Amino acid sequence: MPPLRSTGTGPEAEHPEYAGQYRLKSILGSGGMGVVHLATSASGLRLAVKVVHADFAQDPEFRARFRQEVAAARRVSGAFTAPVVDADTDAERPWMATLFVEGPTLAERVKRNGPLGTEELLRLGAGLAESLRDIHRAGVVHRDLKPSNVLLAADGPKVIDFGISRPTDSDLRTETGKLIGTPPFMAPEQFQRPREVGPAADVFALGSVLVHAATGSGPFDSDSPYIVAYQVVHEEPDLAGVPEALAPLFARCLAKDPADRPTPDALMTALRSAAYPTGDDTHAFIPAQRVPSRAEGVKAEGSEPVSGPVAGPFPACRRGPRRVVLAVALVSLILGGALGVRTLAGSGGHPETAPAVQQSGTGASALPWSVSLRGGKGGGSAAPVCSYAGSSLYCNAPGIQASRLNPADGSVSWSKRSATSSQPAWDESAPVLSGGLLHVVAPGGDRLEAIDPKSGKRRWSIELSARPVAVLPAKSVLLVATGSGAVKAVDNTSGEARWTRPHGGIGTLWMSSPGRPEGPVFAVTPSADGTLSTVRAVDPDSGTMLWEQRLNGVLNPVGASGEALFLLSSDTDTQTRAVVRLDIKDRTARRIPLVTPVNQAQATVRGDTAYIFGGSGSLVAVDTRSTGSAQQAQRWRLETTVSRASRPVASGDRVYLTAADGRLLAVDAADGTLLGQTRPRMGEETDTVTTIFPAPVPAAGKVFATAPDGSVFAVDARDPSRW
């Protein structure tokens with residue numbers, strides 16, 4: 001990698017040319033700790049690269065804090081945060097690269113256009129509540145949520161800047177007598193007991209952020225941070241100007257006692273119910289009259305974080321009494337009794353679960369059942385990856401190369417340990433049964449092994465020259481494809497090489513037709529500038545290219561049948577805007593636009609319907625034969641309240657997906673109704689967070705799924721409402 005240039009302590013050092021391999025372009029912003037630059041990756045993705053100030057780079061304590069920021073940002077990368085792409089905390093000038101998020105900050109939006117309308121406010125609140133839920137489940141407390149740390153992207157709000165966040169299990173504690181944060185958005189306990197700050201402090205900050213979004217000013221306002229601190233600790237919040245129906249909910253977020261504040265889950269449910277009412281929803285939100293705006297007018301948010309001694313005693317200044325709007329029946333109905341309290345004690349924010357080493361189930365065909373697959377203490381925290389073939393369930397997991405499970409009760413027939421405890425090679429790297437043998441890619445991606453499915457004994461093993469991105473069974477061969485576009489065909493019974501050919505280049509994605517091993521496989525390669533994609537059909541027996549077609553946009557194959565290849569069409573900002581149906585016989589393409597662009601889209605196809613899940617939590621069904629408008633093509637849309645999840649899977653009249661917290665969801669494929677979901681399965685550790693979300697496996701009247709706690713579990717597919 002090119003080094004960070006222009007290092008040192010001079011002014012020119014604040015404008016380096018490179019951070020690692022990324023050439024830095026314009027400056028996006030500058031703060032107390034570093035400068036954020038716009039950069040572009042080799043594949044064309046725009047990045048925001050934070051480079052630490054030269055002076056701070058020499059401070060070991062600051063480096064430790066920056067490492068913690070990078071670790072926290074990586075743990076929570078998801079739909080409502082800017083995903084971390086790369087980082088080097090040991091560089092002469094430490095840096096971190098995240099995906100660039102197009103859109104203003106909430107502070108800029110309010111300053112420029114004034115307070116948000118009710119509908120926009122509801123959606124903002126629901127997105128931020130979901131973000132906090134995922135952040136807390138990752139065992140992280142943000143501690144500096146404020147309008148300038150919220151980006152308003154097209155697909156929903158994004159929380160940024162984890163510079164002072166703290167993992168719940170961190171040894172890097174706030175010093176006695178110090179406070180860290182931005183006073184107008186800090187909770188009382190951040191001033192009084194900074195060493196005991198937990199996730200409820202982020203809920204308090206969210207309440208302050210929403211009041212700011214609704215009125216243009218925070219609930220505690222003064223030019224002096226010390227007066228603000230006194231107000232936060234001792235006075236009631238100023239909610240004048242907040243929509244009357246939302247004031248009681250915001251007031252609960254701003255409760256002085258952390259135990260009296262709602263959980264992010266409860267907030268998310270309440271706000272989403274109001275923001276996305278159904279046609280027959282008796283709790284549908286009706287915009288309420290606003291309380292008259294406060295006399296002092298709108299004050300632009302611009303407070304900076306402070307880190308220093310706590311003043312004491314606080315100045316004896318009090319504002320006049322504030323009227324907190326009484327709760328209306330609407331909010332009581334929406335909230336019900338759901339606003340309980342849940343804290344992140346020793347579990348790091350993960351719900352308590354039964355010990356992962358236990359197998360549940362009471363005998364043959366016992367449902368539900370659950371069994372742990374972990375390769376010992378070093379087994380990692382990634383969820384197992386499974387496939388179903390020949391009336392058996394085959395899985396791999398960290399520390400376990402392959403296991404055979406009885407689908408009836410989860411009993412393990414055999415289990416083959418791996419030489420390492422690394423996680424599976426990728427999220428679809430389940431064992432592949434082909435030619436009577438089970439084929440498994442080693443965790444490091446450097447070997448392909450064939451195993452006897454009955455005994456678990458190894459039959460053959462071959463070295464791979466590069467880490468594969470796909471292993472596809474086709475006819476009598478296995479196609480092992482790499483990210484460079486090279487593909488190797490090996491005999492599925494002997495492992496002997498049949499042919500090796502390049503098809504495409506860097507970034508090539510592969511797709512086969514499920515249940516059609518005799519059919520062609522497809523290679524899809526985007527151009528370097530992201531304007532075109534080349535689709536190739538390849539004969540698996542010979543490696544010969546059967547045909548080639550160029551289509552507009554960055555295309556990602558998500559399904560294939562005997563008639564068509566289905567692809568998602570995205571722009572260079574990774575926003576999916578259409579589904580493309582490419583006819584295999586005459587190679588005509590139909591582009592079906594989406595009503596709303598989808599970020600981080602994953603999809604599956606069944607029949608003529610594409611089911612698309614996005615990072616905002618939306619699951620959308622699209623008719624791929626539609627010739628009408630985007631609204632006419634969209635069959636239904638469901639807000640799942642899940643931000644990070646697996647690729648959806650369609651089977652029968654259901655669509656299934658697995659959430660990042662281990663929940664399995666079932667959705668009616670006909671109308672988008674949520675039919676049921678299982679409980680979360682995060683485990684007791686604080687590090688059970690992974691970027692790999694294996695898709696569920698529906699088969700034999702059951703649905704098999706895996707979770708970050710290392711479990712493989714099965715439920716009855718007939719009645720998801722009983723899960």
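Would you mind checking the pairs 111/158; 111/146; 475/702; 111/256 and listing those with alpha carbons more than 24 angstrom apart?
475/702; 111/256
Please give the solvent-accessible surface of residue 193 in Å², to the nearest 10, using a probe radius of 1.4 Å with every protein chain present.
90
Using a cut-off of 15 Å between beta-carbons, work out the net charge of the residues near residue 84 (Lys and Arg +1, Asp and Glu -1, residue 84 not included).
Computed value for this residue: +2.
If 369, 460 are ordered by their accessible area, calculated over protein heavy atoms with a 1.4 Å probe, which sequence runs from highest to lowest?
Sorted by accessible area, descending: 460, 369.
Rounded to the nearest whole Å², what accessible area per residue is found for region 40-115 with the 1.4 Å probe?
Using a 1.4 Å probe on heavy atoms only, each residue of region 40-115 averages 41 Å².
Give me the percent of the accessible area of region 65-149 that comes from carbon and sulfur atoms, probe 1.4 Å, all protein chains in place.
Roughly 44 percent, rounded to a whole number.
Kindly sort 119, 639 by accessible area of their heavy atoms, largest first, with the probe set to 1.4 Å.
Putting 119, 639 in descending order of accessible area: 119, 639.
Which percent of the accessible area of region 586-723 is formed by carbon and sulfur heavy atoms (probe 1.4 angstrom)?
With neighbouring chains kept in place, the figure for region 586-723 is 43 percent.
Do any GluC sites (Glu not before Pro) in region 439-530 lie in a DSSP loop with no more than 15 other beta carbon atoms within 10 Å, and if so, which?
The qualifying sites are 496, 518.
Under a 1.4 angstrom probe, counting protein chains only, how are 618, 512 ranked by accessible area, largest first?
Result of the area sort, largest leading: 512, 618.
The values are calculated or read from the model by the stated rules, or taken from the named source; none is laboratory data. Small disclaimer: the values here were computed from a predicted structure and weren't measured. In this analysis, Cβ positions are derived from the backbone assuming ideal geometry, glycine residues included, and neighbour counts consider all displayed protein chains. These area figures cover heavy atoms from the full protein model, side chains too; ligands, DNA and RNA do not enter into them. Shrake-Rupley method; radii C 1.70, N 1.55, O 1.52, S 1.80 Å.
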